[in-house]
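To keep things clear, I will list the structure first and then write my remarks on it.
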Amino acid sequence: MTAINFIHSLTANDIPAAARKAASRALLDTVGVAASATLTDNSRIVRDFAATVFPGAGNGSTRLMFDGRAVTLPGAGFGNAGSIDSLDAHDGQKLTKGHIGVVVVPTLFAFADAGGSVTGEEFMTQLVLGYEIATRAGIALHATACDYHTSGAWNALGAAAIGARGLGLDEQWTRHALGIAEYNGPRSQMMRCIDHPTMLKDGATWGGFTGVSAALLAQLGHTGAPAITMEAPEVEQLWADLGSRWYVSDQYIKLYPVCRWAQPAIAAALSLASQLSIEDVTGIRIETFHEARRLPLAEPANSEEAQYSIKFPVAAALARGRIGVEEVTGAGLKDPATIRLARMIEVVEDDEANAAFPADRLAHVSITLGDGRTLKSGMTSAVGDPDVPLSDAELTVKFEGLAGPLLGKARAGAMHDACLGLWQAPSVKDLTELVMPASAV
């Protein structure tokens with residue numbers, strides 16, 4: 001099956017039950033992150049920019065998620081994806097070293113909110129095809145490019161695929177939409193933002209904008225084929241299993257709103273927490289893979305630096321017993337106990353962890369106490385990987401912790417049930433009316 005045929009012919013009946021459930025979980029998780037992300041300065045800025053530069057009016061306009069302001073479809077691609085990306089709690093995939101839902105989910109809401117009636121089954125089918133196209137595009141780009149690009153470079157193709165199907169493009173113009181998205185996708189350098197954390201994050205703003213725009217351009221007759229990460233002979237095998245292997249089931253779900261590379265060390269540190277009092281800690285050593293070692297900041301000046309750190313979230317986990325939005329924003333950035341621990345952390349590379357990356361992310365933590373003892377975690381993986389997923393109950397706790405304080409129990413609860421029941425819903429309108437209006441705060 002060709003990718004273009006897959007985009008237009010996929011039906012809910014083609015999708016196995018396990019993949020359907022994974023899609024529902026991905027939707028719920030991303031919506032929860034989208035709600036809580038609006039508390040960040042980064043989210044406010046990208047949403048204000050979208051509302052000012054891409055204001056919507058009349059037919060074809062949509063709304064910013066948890067904001068309510070009308071914008072154009074490309075403006076929604078920019079503002080909604082950028083807003084979600086501002087809080088690093090959304091799902092990802094190991095082999096892409098990046099994120100799919102951050103662009104795919106807001107693209108779906110933009111088109112559903114702008115268009116006519118869309119069934120829940122069609123919405124979810126498009127969600128699956130977006131994950132399948134974007135994940136393979138990411139793996140293909142990493143296999144053929146010499147640099148490590150942000151997710152926006154390739155998840156734009158997932159957005160273009162959704163747009164092409166939603167707009168009813170034929171196979172020829174779908175091919176052009178994918179080519180436009182690939183050519184204009186932001187091939188921004190991921191490790192630059194790791195070394196120098198800023199609000200640029202993982203390129204989702206321009207990935208969302210580019211993918212949505214690509215479908216609209218192709219609808220008007222703008223050419224751009226081929227997308228070589230989909231059609232080049234050297235990547236052919238990466239696309240050969242469309243319809244038989246389901247990458248939507250191969251996503252990890254984060255427990256904490258920081259870079260995934262830091263999360264094995266957080267899990268390792270927390271495994272030792274019950275054996276110590278933080279006042280007795282005199283030294284902390286993290287052994288992990290090279291990329292995680294490049295998350296060095298102990299005293300972040302802002303949320304972006306906190307989210308792209310390894311020392312700070314490990315220290316916060318030990319000092320406060322958790323890593324939530326409060327730990328990586330506002331007063332949490334200046335917590336004295338967290339800063340004291342972060343200053344003493346040493347991060348070194350480990351050969352085993354380097355060899356395992358990116359298929360697995362590993363870390364070992366040693367904590368030295370004032371009485372001379374050293375506690376050792378052993379090599380530890382991140383929580384929430386697809387082979388050891390969060391339970392449904394754990395995912396619900398995460399969702400409620402993100403969405404509940406902002407939206408209130410009733411709205412968050414209705415949203416939870418709507419996301420998980422969307423495959424059977426006659427329309428997606430009930431969900432969009434929960435997601436699009438401004439939050440209570």
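The values are calculated or read from the model by the stated rules, or taken from the named source; none is laboratory data. Owing to the predicted nature of the structure, the values given are computational and were not obtained by experimental measurement. Heads up, the Cβs are rebuilt from the backbone with ideal geometry, glycines too, and the neighbour counts pull from every protein chain shown.
I need the full set of residues from segment 106-137 which are within 20 Å of the chain's Cα centre (by Cα) and among the charged types (D, E, K, R), in order please. Within segment 106-137, 132, 136 qualify. With respect to the stated conditions, residue 346 is in a strand (DSSP E or B), charged (D, E, K, R), outside the structural domain of residue 143 (by TED's automatic domain parsing) and out of contact with any helix residue (DSSP H, G or I) (no Cβ under 8 Å at 6 or more places or on another chain). Within segment 399-412, is even one residue assigned by TED's automatic domain parsing to the domain that holds residue 125 and more than 21 Å from residue 65 (Cα to Cα)? No, there is no match, as no residue in segment 399-412 is assigned by TED's automatic domain parsing to the domain that holds residue 125 and more than 21 Å from residue 65 (Cα to Cα). So for segment 368-377 (the condition being within 27 Å of residue 246 (Cβ to Cβ) and either outside the structural domain of residue 47 (by TED's automatic domain parsing) or aliphatic (A, V, I, L, M) (or both)), does at least one residue qualify? No, every residue in segment 368-377 fails to be within 27 Å of residue 246 (Cβ to Cβ) and either outside the structural domain of residue 47 (by TED's automatic domain parsing) or aliphatic (A, V, I, L, M) (or both). Condition check for residue 140 on (1) farther than 20 Å from residue 31 by Cβ; (2) of a type outside the set (D, E, K, R); (3) within 15 Å of the chain's Cα centre (by Cα); (4) buried (at least 24 other Cβ atoms within 10 Å of the Cβ): one failure, at (3).
Taking the stated definitions as given, is residue 24 surrounded by fewer than 22 Cβ atoms within 10 Å (Cβ to Cβ), in contact with a Leu (Cβ under 7 Å, 6 or more places away or on another chain) and of a type outside the set (D, E, K, R)? Taking the combined requirement at face value, the residue satisfies it. Checking the stated criteria, residue 300 turns out not to satisfy the condition of being in a loop (DSSP other than H, G, I, E, B) and closer than 15 Å to residue 363 by Cβ.
So that you can scan it fast, the table gives a plain yes or no per residue for (1) outside any helix (DSSP H, G or I); (2) over 24 Å from residue 252 (Cα atoms):
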| position | (1), (2) |
| --- | --- |
| 43 | no, no |
| 59 | yes, yes |
| 75 | no, yes |
| 80 | no, no |
| 87 | yes, no |
| 90 | yes, no |
| 96 | yes, no |
| 108 | no, no |
| 124 | no, no |
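Checking the stated criteria, residue 54 turns out to be of a type in the set (Phe, Trp, Tyr), without any contact (Cβ under 8 Å) to a residue 40 or more places away in the chain and on the phi < 0 side of the Ramachandran plot.
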